[in-house]
Amino acid sequence: MKRRKVHPADAANAAVLANAVRYDVALFLGTGRYARASAPTLEDARIEAMRLVADNPTPFGKRLPLIYGVTAEGRSALVTSN
């Protein structure tokens, strides 16, 4: 079976995440409003994401927080499930 070639953008995101010094969490609350948190590790960021969801209930369904890895230079990349 052939292996797929890694897309350059995916490789760049992986490099940013490998060098991340902190992880920022953002949860969209409404027009121009976000709940935000920051954590030193990815595991802590996932815990913070769950806390933000629990602290900001919605009658419309589940909100999904976004987690970004941030390097010391300020570059960021979205953390995906894979």
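Helix-derived [θ] at 222 nm for the chain: sum -39500 (n - 2.57) over DSSP H runs of at least 4, divide by residue count, nearest 500? Can you show the working numbers first?
Values: 2 runs with 25 residues, N = 82.
Using -39500 (n - 2.57) per qualifying helix, the result is -9500 deg cm²/dmol.
Convex hull over the Cα atoms of the stretch 8-77, averaged projected area in nm²?
If you wrap the Cα atoms of the stretch 8-77 in a convex hull and average its projections, you get 5.4 nm².
Roughly speaking, to the nearest percent, how much of the chain's 1.4 Å accessible area is carbon and sulfur? The partial results should precede the final answer.
Details: 3510 of 6330 Å².
C and S atoms contribute 55 percent here.
Over the stretch 8-77, what is the relative contact order in whole percent, taking alpha-carbon pairs under 8 Å and six or more residues apart?
Values: 111 pairs, mean separation 28.4, N = 70.
Result for the stretch 8-77 is 41 percent.
Report, in degrees rounded to the nearest 10, the 0 to 90 angle that the Cα long axis of helix 42-55 makes with the longest principal axis of the chain.
The angle comes out at about 30 degrees.
Under 12 Å from the Cβ of L27, count the other residues' Cβ atoms, weight Lys and Arg +1, Asp and Glu -1, and hand me the total.
Values: positive: R33, R36, R51, K62, R63; negative: D24, E48, D55.
Summing Lys and Arg as +1 and Asp and Glu as -1 gives +2.
Using a simple charge model, +1 on the beta-carbon of Lys and Arg, -1 on the beta-carbon of Asp and Glu, nothing else, what dipole does the chain show about its Cα centre, in debye to the nearest 20? Please report the intermediate quantities before stating the final value.
Details: 12 positive and 7 negative charges, 89 e Å.
Its charge dipole is roughly 420 debye.
What number comes out for the charge environment of L52, summing +1 per Lys or Arg and -1 per Asp or Glu over other residues with Cβ under 9 Å away? Display every interim value, and only then the final one.
On the way: positive: R36, R51, R63; negative: E48, D55.
Net of charged neighbours comes to +1.
The values are calculated or read from the model by the stated rules, or taken from the named source; none is laboratory data. This is a predicted model, so every value here is computed, not measured. Backbone-built Cβ (ideal geometry, glycine too); neighbour counts: all protein chains shown. Accessible surface is based on the protein model in full, side chains and every heavy atom, while ligands, DNA and RNA are left aside. Shrake-Rupley method; radii C 1.70, N 1.55, O 1.52, S 1.80 Å.
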